[in-house]
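Colleague: One structure, pasted below without further comment.
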Amino acid sequence: MIENFDLLRETCLSCKNCKLWETRTNVVFGVGNPKAKVMFIGEGPGANEDLQGEPFVGRAGQLLDKMLMAVDLSREENVYIANMVKCRPPQNRDPEKEEVEACIGYLRNQVRLIQPKIIVCLGRIAACAVIDPNFKVTKQHGEFFERNGVTLMGTFHPAALLRYPSNKAAAMEDFFALREKLKTI
Ligand code: SF4
């Protein structure tokens, strides 16, 4: 556990703990307010994120930003956004078990330092890792779970919403529920 957020970031930026370092352009550590009450967790960087070194940019990121704005949240002010693996898996494949195991310590360290009240998992891979290995996004999105004093929720990945826009309304309901939940903590 590294106690200083900047030091954690610096350590991560030079990490070579798994083979993904060989193909990355940038390490995508995370973005946002390290004192945020809400943390969003995705699976791993895509091509745009790898190029820019920031999570959730490109079309999916723009959609996420719009949804955040609709509930008075933004990466510039009051949320923190990070991924389970910090380097892009080639061809946007799912991160391998060994890669997640090598990288997850950074995310755990981020969570311990940020101490969010609510963690929102974006997509199946993050929700299965953080909430429940059998998590079904289509059935359980928007449900709140309590664990060790932290509220957890899973919802659709913004890239999946671009592929299946019919789920956008349901995803937005999850964000409205998040806004209501935030009022209670
Ligand atoms: S994915 Fe994580 S563990 Fe692997 S090289 Fe990147 S920062 Fe290190």
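The values are calculated or read from the model by the stated rules, or taken from the named source; none is laboratory data. Being a predicted model, the structure only gives us computed values, none of them experimental. Heads up, the Cβs are rebuilt from the backbone with ideal geometry, glycines too, and the neighbour counts pull from every protein chain shown. Remember, those area values only see protein heavy atoms, side chains included, never the ligands or the DNA or RNA. Shrake-Rupley method; radii C 1.70, N 1.55, O 1.52, S 1.80 Å.
Colleague: Residues GLU22, GLU3: which one is of a type outside the set (Ser, Thr, Tyr), within 12 Å of the ligand (Cβ to nearest atom) and open to solvent by 60 Å² or more (accessible area, probe 1.4 Å)?
Modeller: Testing whether each residue is of a type outside the set (Ser, Thr, Tyr), within 12 Å of the ligand (Cβ to nearest atom) and open to solvent by 60 Å² or more (accessible area, probe 1.4 Å) leaves just GLU22.
Colleague: If I filter the stretch 104-117 for residues that are closer than 26 Å to ASN78 by Cβ, part of a helix (DSSP H, G or I), of a type in the set (Gly, Ala, Ser) and open to solvent by less than 10 Å² (accessible area, probe 1.4 Å), do I get at least one hit?
Modeller: No, every residue in the stretch 104-117 fails to be closer than 26 Å to ASN78 by Cβ, part of a helix (DSSP H, G or I), of a type in the set (Gly, Ala, Ser) and open to solvent by less than 10 Å² (accessible area, probe 1.4 Å).
Colleague: Looking at GLU10, GLU49, which one is crowded, with 18+ Cβ neighbours inside 10 Å, acidic (Asp, Glu) and assigned to a helix (DSSP H, G or I)?
Modeller: GLU49
Let's see how each residue does on (1) in a loop (DSSP other than H, G, I, E, B); (2) aromatic (Phe, Trp, Tyr); (3) over 16 Å from ILE104 (Cβ atoms); (4) open to solvent by 30 Å² or more (accessible area, probe 1.4 Å):
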position	(1), (2), (3), (4)
PHE145	no, yes, yes, yes
THR151	no, no, yes, no
GLY154	no, no, yes, no
LEU162	no, no, yes, yes
ALA169	no, no, yes, yes
GLU173	no, no, yes, yes
GLU180	no, no, yes, yes
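Colleague: Being assigned to a loop (DSSP other than H, G, I, E, B) and buried (at least 21 other Cβ atoms within 10 Å of the Cβ) is the filter here, so list the residues in the stretch 58-83 that pass it.
Modeller: Result: LEU73, ARG75.
Colleague: Being touching a residue at least 60 places away in the same chain (Cβ under 8 Å) and hydrophobic (A, V, I, L, M, F, W, C), is that true of even one residue in the stretch 92-103?
Modeller: The answer is yes; a qualifying residue exists.
Colleague: Which one of these is small (Gly, Ala, Ser) and either within 11 Å of the chain's Cα centre (by Cα) or closer than 27 Å to VAL150 by Cα (or both): GLY53, GLY46, GLY58, GLY32?
Modeller: GLY32
Colleague: Then there's this: Criterion first (within 13 Å of the ligand (Cβ to nearest atom), open to solvent by 20 Å² or more (accessible area, probe 1.4 Å) and touching a residue at least 40 places away in the same chain (Cβ under 8 Å)) does ARG88 satisfy it?
Modeller: yes
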